[in-house]
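The values are calculated or read from the model by the stated rules, or taken from the named source; none is laboratory data. This one's a predicted model, so the numbers in the text were calculated from it and none came from an experiment. Ideal geometry is used to build each Cβ from the backbone, glycine not excepted, and the neighbour counts take in all protein chains shown.
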Amino acid sequence: MLTLGIETSCDDTGVAVLRNNDQLLSNVLSSQDRIHSPFGGIVPELASRKHLEMIDPIVNKALNDACVSLNDINLISVTQGPGLIGSLLVGFSYAKALSFAAGIPLIGVDHMCGHLLSIYLEQDKPSFPYIALIISGGNSSLFLAKGYNDFTLLGRTRDDAAGEAFDKVAKLLGFDYPGGPIISKLAEQGQSCIQFPRAWLGEDSLDFSFSGLKTAVLNYCNREKQKGCELNKKDICASFQEAVAEVLVEKTITASKRYQINTIVLGGGVSANPHIRKLMTHRCRETDRNLFLPRPSYCTDNGAMIALAGFLQYQEQDNNMSYDTDVYSRSPLG
Ligand code: KG4
């Protein structure tokens, strides 16, 4: 069975062709980083316009790279939400039209499910149940995953998502969008010597909060400038990254202990961060837990995870989505 996966929820046009659940035949990504970079964040109108321009060529490239034609496709899986409405509408309307015109079944997939299941694109697959930490530009959430369509939200951010915090701190340090990869590169050359706050939100809480940390970085920079000191951006990046990583990792370990589930899975763009991966690996070894990390290209938005999530969920539901269904900006998963 061949699934065509289409992802346009934010600023990347991603399309993939997947055979069954484990043979990725193509995975094409058109990034909009250069378009949004001067603005320090995503401009929704520009994002949807670029998706509109790229969707058809990227679908054709994914089919060509996979050496298949549209007639060979058995299922179209498309991101239905959450995300930017204008961006979602481009991929969703395109997928509906393609499905209708070619008579191919269609399934709408929650973007979060894509991240939650992206680990199954790897050879080494976890078994259910597992604790999943999904950290991206729009989400920082902990889930208890019991099946391909069975996710319980355990905790989430009360303000900024982890990726959003990386991007906003990068902006205030004068770096381009997306700031996460830039901060993580610079952090490698710096020392985590500045004591930024960690928002634990009480012993029992599995929620996150990163806006206070972002403000603490801003206040620190302003104080240093007032003193006439030059900012050591490498140390600021390393100290900020450490504060984010520590909270993400410790809360994940706490969730795993509380629910007595020894398998931990990461997903979402921020989980491509080498320091977070290293710290999580270290703490999982220390506490005797099994950690499953998707490769970085499966962490950031991509069409492959949408193809896989659609395939897995279609196997369970086996029903074609109605063309009346619409996109949504907020995930029912929370
Ligand atoms: O999952 P994703 O590609 O898109 C969303 O669904 O949001 O995540 C994008 C986010 C951005 O905020 C970006 O700065 C962050 O992931 N990111 C990183 C790294 N690579 C991407 N953050 C920290 N370290 C990285 N290496």
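In the stretch 149-156, is there at least one residue being in contact with a Cys (Cβ under 8 Å, 6 or more places away or on another chain) and at pLDDT 95 or above?
Here is the first cut: in the stretch 149-156, the ones in contact with a Cys (Cβ under 8 Å, 6 or more places away or on another chain) are 149, 151.
Imposing the further condition that a residue be at pLDDT 95 or above reduces the set to 151.
There is at least one residue in the stretch 149-156 that is in contact with a Cys (Cβ under 8 Å, 6 or more places away or on another chain) and at pLDDT 95 or above.
Go through (1) within 16 Å of the ligand (Cβ to nearest atom); (2) free of Cβ contacts under 8 Å to residues at least 12 places away in the same chain; (3) of a type in the set (Val, Ile, Thr) and name the single condition Ile135 misses.
So the condition that Ile135 fails would be (2).
Name the residues in the stretch 289-332 that are under 11 Å from Ser118 (Cβ atoms), in contact with a Gly (Cβ under 9 Å, 6 or more places away or on another chain) and among the polar types (S, T, N, Q), would you?
Thr300, Asn302
Looking at Ser87, Ser93, which is the one that is free of Cβ contacts under 8 Å to residues at least 12 places away in the same chain and either aliphatic (A, V, I, L, M) or closer than 24 Å to Tyr314 by Cα (or both)?
On the way: Ser87 fails: free of Cβ contacts under 8 Å to residues at least 12 places away in the same chain.
Ser93 is the lone residue from the list that is free of Cβ contacts under 8 Å to residues at least 12 places away in the same chain and either aliphatic (A, V, I, L, M) or closer than 24 Å to Tyr314 by Cα (or both).
Can you name the helices (runs of 4 or more DSSP H) wholly within the stretch 1-116 that have at least 1 residues being closer than 16 Å to Thr325 by Cα and either within 16 Å of the ligand (Cβ to nearest atom) or out of contact with any Leu (no Cβ under 6 Å at 6 or more places or on another chain) (or both)?
Result: 85-102.
Using beta carbons and a limit of 9 Å, which pairs, at least six apart or on different chains, have the first residue in the stretch 149-161 and without any contact (Cβ under 8 Å) to a residue 40 or more places away in the chain and farther than 7 Å from Phe208 by Cα and the second one away from the ligand (no atom under 16 Å from the Cβ) and assigned to a loop (DSSP other than H, G, I, E, B)?
Matching pairs, first to second residue: Asp150/Phe128; Asp150/Pro129.
Could you please tell me which pairs satisfy a Cβ distance under 6 Å, a separation of 6+ or placement on different chains, a first residue in the stretch 165-194 that is under 15 Å from Asn232 (Cβ atoms), and a second residue that is within 7 Å of the ligand (Cβ to nearest atom)?
Here the result reads Ile183/Phe166, each pair linking the stretch 165-194 to a residue that is within 7 Å of the ligand (Cβ to nearest atom).
For the stretch 139-169, which positions are within 13 Å of the ligand (Cβ to nearest atom) and surrounded by fewer than 24 Cβ atoms within 10 Å (Cβ to Cβ)?
Hits for the stretch 139-169 are Thr157, Asp160, Ala161, Glu164, Lys168.
Among the candidates Leu106, Leu121, Leu142, Leu98, single out the residue that is touching a strand residue (DSSP E or B) at 6+ places or on another chain (Cβ under 8 Å), at pLDDT 95 or above and either of a type in the set (Phe, Trp, Tyr) or farther than 15 Å from Leu4 by Cα (or both). Steps first, please.
Details: Leu106 fails: either of a type in the set (Phe, Trp, Tyr) or farther than 15 Å from Leu4 by Cα (or both); Leu121 fails: either of a type in the set (Phe, Trp, Tyr) or farther than 15 Å from Leu4 by Cα (or both); Leu98 fails: either of a type in the set (Phe, Trp, Tyr) or farther than 15 Å from Leu4 by Cα (or both).
Step by step, each of Leu106, Leu121, Leu142, Leu98 is checked, and only Leu142 is touching a strand residue (DSSP E or B) at 6+ places or on another chain (Cβ under 8 Å), at pLDDT 95 or above and either of a type in the set (Phe, Trp, Tyr) or farther than 15 Å from Leu4 by Cα (or both).
Name the one entry in Ser37, Ser9 that is small (Gly, Ala, Ser) and closer than 14 Å to Leu89 by Cα.
Step by step, each of Ser37, Ser9 is checked, and only Ser9 is small (Gly, Ala, Ser) and closer than 14 Å to Leu89 by Cα.
Select from the stretch 170-180 the residues that are within 11 Å of the ligand (Cβ to nearest atom) and surrounded by fewer than 19 Cβ atoms within 10 Å (Cβ to Cβ) and write down the one among them that is farthest from Asn219 (Cα to Cα).
Among them, the one singled out is Asp176.
Return only the number of the condition from (1) surrounded by 23 or more Cβ atoms within 10 Å (Cβ to Cβ); (2) of a type in the set (Gly, Ala, Ser); (3) within 14 Å of the ligand (Cβ to nearest atom) that Gly310 does not satisfy.
Tallying (1) surrounded by 23 or more Cβ atoms within 10 Å (Cβ to Cβ); (2) of a type in the set (Gly, Ala, Ser); (3) within 14 Å of the ligand (Cβ to nearest atom), Gly310 fails exactly one: (3).
When both residues are 6+ apart or on different chains and their Cβ atoms are under 9 Å apart, which pairs have a first residue that lies in the stretch 307-325 and is within 15 Å of Gly147 (Cβ to Cβ), and a second that is surrounded by fewer than 13 Cβ atoms within 10 Å (Cβ to Cβ) and small (Gly, Ala, Ser)?
Listed pairs, sorted by first residue: Glu316/Gly147.
Restricted to the stretch 254-274, and to residues that are assigned to a helix (DSSP H, G or I) and surrounded by fewer than 18 Cβ atoms within 10 Å (Cβ to Cβ), which residue is nearest to the ligand (Cβ to nearest atom)?
Result: Pro274.
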